[in-house]
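Some notes on the structure that comes next.
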Amino acid sequence: MHARAQRKLTVSSDTALIWNARRGGRAYTGTGLQCCLRPLLQQCSIFTAKGRVPRIHDFRHGFAVNALLRWYREGADVEAKLPLLATYLGHGSALSTHYYLHWIEPLRTAAGERFGRHYGELVVPVPGRKGGQR
């Protein structure tokens with residue numbers, strides 16, 4: 001905010017945190033955004049678990065995963081919404097989005113709970129078998 005004030009840019013709470021002055025306020029390229037965000041993230045001590053500054057795609061992936069989690073928690077039809085997410089991410093199909101997303105624990109839990117609510121009575125242990133033995 002101090003740097004914005006020095007450059008006589010708006011500093012109100014509803015103003016975007018970063019602004020592309022080089023391109024007249026137009027959209028950033030991925031590289032341009034990363035070059036702008038990197039120093040900000042370093043200054044704010046925002047790092048990944050591996051001690052690196054997050055990449056733009058880390059934020060993009062986080063957005064996508066959180067959209068899925070939100071839909072699961074809202075009880076939305078996730079399969080019907082996947083084409084919307086794919087379009088938003090610029091993917092050619094929902095299949096590309098399936099490939100893109102990492103299978104993380106909160107998604108596994110949300111999907112498993114939904115499956116259990118809908119089909120849990122169909123999945124029963126086979127009598128006489130222990131665990132997953134065949």
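The values are calculated or read from the model by the stated rules, or taken from the named source; none is laboratory data. Please read all numbers here as calculations on a predicted model, not as lab measurements. When we count neighbours, we look across all protein chains shown, and the Cβ atoms used for this are built from the backbone with ideal geometry, even at glycine. Only protein heavy atoms, including side chains, enter the accessible area calculation; ligands, DNA and RNA are left aside. Shrake-Rupley method; radii C 1.70, N 1.55, O 1.52, S 1.80 Å.
Between the helical axis of 105-119 and the dominant principal axis of the chain, each derived from Cα atoms, what acute angle in degrees is found, rounded to the nearest 10?
That works out to roughly 40 degrees.
For the chain, what does the relative contact order come out to in percent, with C-alpha contacts under 8 Å and a separation of six or more?
Once divided by the residue count of the chain, the mean separation gives 13 percent.
In the neighborhood of Ala76, defined by Cβ-to-Cβ distances under 12 Å, what is the net charge if each Lys or Arg adds +1 and each Asp or Glu adds -1?
Here the charged neighbours net out to +1.
Only helical DSSP H runs with n ≥ 4 go in: add -39500 (n - 2.57) per run for the chain, normalise by residue count and round the 222 nm mean residue ellipticity to 500 deg cm²/dmol.
Value at 222 nm, helices only, nearest 500: -16500 deg cm²/dmol.
How long is the gain from Phe63 to Arg38 if the chain were fully straight, where each residue apart is worth 0.36 nm and the alpha carbon distance is subtracted?
Full extension of this stretch gives 7.2 nm more.
Report the semi-axes of the equivalent ellipsoid for the chain in whole Å, largest first, where each axis is √(5λ) for an eigenvalue λ of the Cα gyration tensor.
Square roots of five times the eigenvalues give 42, 17, 14 Å.
Tally Lys/Arg at +1 and Asp/Glu at -1 over every other residue whose Cβ is under 13 Å from the Cβ of Val65; what's the total?
So the environment of Val65 carries a net charge of +2.
In Å², and per residue, what accessible area does the chain have when probed at 1.4 Å with the other protein chains present?
For the chain, the solvent-accessible area averages 78 Å² per residue.
Under 10 °C and 1.306 mPa s, how fast does region 29-72 diffuse according to Stokes-Einstein, given a Kirkwood radius computed over C-alpha pairs? Answer in µm²/s, whole number.
Calculated translational D: 139 µm²/s.
Can you tell me the 0 to 90 degree angle between the C-alpha axis of helix 56-74 and the longest principal axis of the chain, rounded to 10?
50 degrees
Got a number for carbon plus sulfur as a percent of the chain's accessible area, 1.4 Å probe?
Taking all protein chains in place, the chain shows 57 percent carbon and sulfur surface.
Which value, in debye to the nearest 20, describes the size of the charge dipole of the chain about its Cα centre when Lys and Arg Cβ atoms bear +1, Asp and Glu Cβ atoms bear -1, and nothing else is charged?
580 debye
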